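Data first, discussion second: the structure below is written as structure tokens.
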Amino acid sequence: MPVGTNYDTGPTNSVKYLGTTNTTIPVGDLVGGTTYHCLVTARYGPDWFSWKGDGNEGPKSAWSSTITVPVTKPVAPTKVTATAPALPSGRSTQVRFTNPTNNSGAPIQNDTATCTSTDGGTTRTATGTSSPLTVNDLTAGKTYTCAVTARNSQGTSDPSGASTAIVVPAGPPTTVVAGAPTKVGTKWRSTVTFTRPSGGPTITGYTVTCTPTGSGSPVTVSTSTTNTSVWVDGLVKGKTYRCTVAARSGSGTGPTSTQSNPITVPNA
């Protein structure tokens with residue numbers, strides 16, 4: 001136990017009771033920078049394994065010579081998690097973790113979260129003094145795992161175990177083209193084509209919105225397929241429209257594309 005503390009018969013101050021007759025006993029959880037000395041007692045009888053003191057215990061030995069535990073760098077943080085970036089266009093994650101107890105002998109000064117992509121995204125980091133840490137500017141559409149290190153005056157810990165993987169939302173669909181309106185029966189239609197986003201969560205469909213210039217209501221079509229060509233029916237004659245597209249996944253709706261070329265519905 002630390003030199004200068006009172007002997008404690010409870011499970012503190014590094015008192016250790018073992019159900020063994022070995023004469024070499026490891027004692028863990030010593031604190032860096034602290035000076036200790038040790039003594040030994042023998043316990044016997046039916047309750048020799050009880051730490052409550054109700055067994056039979058022999059006399060205490062003399063104190064050993066003192067040892068001073070060196071001050072070291074921290075051990076790695078634990079319980080690391082990363083939150084999936086929020087749709088529609090989130091590119092940040094909050095990394096949560098538990099710092100090690102201060103058994104290194106030097107207080108932790110800061111922590112660094114490092115998020116590394118498994119499919120080509122740019123590695124990003126964030127440093128701070130407590131959990132959570134927010135890691136920004138993750139690459140759109142890429143998959144990441146995150147780990148945390150702790151630093152004190154003696155150095156930086158090994159990295160923690162990695163978080164579970166998170167997927168950053170992809171960018172919006174691109175190359176949106178609204179085709180010239182055609183009349184089908186009594187309704188006017190445009191065929192809107194586009195290029196799907198690269199990466200990100202699995203796409204389950206698209207939402208296409210064609211908005212008129214000036215007054216009038218937008219016309220929206222939601223698909224449950226991954227086709228990149230969508231019919232938009234119900235355009236109003238005489239109106240000029242521009243169209244946008246957003247991809248949908250099990251996580252929600254992603255960011256909206258830029259507007260298409262303008263199209264004007266004939267007045268006929």
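Bear in mind that the values in this text are calculations on the coordinates, not laboratory data. Please read all numbers here as calculations on a predicted model, not as lab measurements. Quick reminder, even Gly has a Cβ in these numbers, built from the backbone with ideal geometry, and neighbours come from all protein chains shown.
Summary of computed values
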| quantity | calculated |
| --- | --- |
| Order of 219, 95 under a 10 Å beta carbon neighbour criterion, fewest first | 219, 95 |
| For the stretch 84-100, Karplus couplings with θ = phi - 60° (6.51, -1.76, 1.60), whole Hz, Gly/Pro x | 5, x, 6, 6, x, 9, x, 9, 10, 9, 9, 9, 10, 6, 10, 6, x |
| Pairwise centroid distance, computed over Cα atoms, of the stretch 67-85 with the stretch 207-268, Å | 51 |
| Residue-by-residue Karplus 3J(HN,Hα) for the stretch 210-221, coefficients 6.51, -1.76, 1.60, Hz, glycine and proline x | 10, 10, x, 6, x, 7, x, 9, x, 10, 10, 10 |
| Any cysteine of the chain lacking a neighbouring Cys Cβ under 4.7 Å - listed by number | 38 |
| Fewest-first ranking of 39, 138, using other Cβ atoms within 10 Å as the exposure measure | 39, 138 |
| Label of the coordinate-derived value, volume of the Cα convex hull per residue in Å³, listed as [x] 131; [y] 183; [z] 204 | [z] |
| Fewest-first ranking of 237, 73, using other Cβ atoms within 10 Å as the exposure measure | 237, 73 |
| Distant-in-sequence amide H partners of residue 188 (H built 1.01 Å from N, under 5 Å) | 234, 235 |
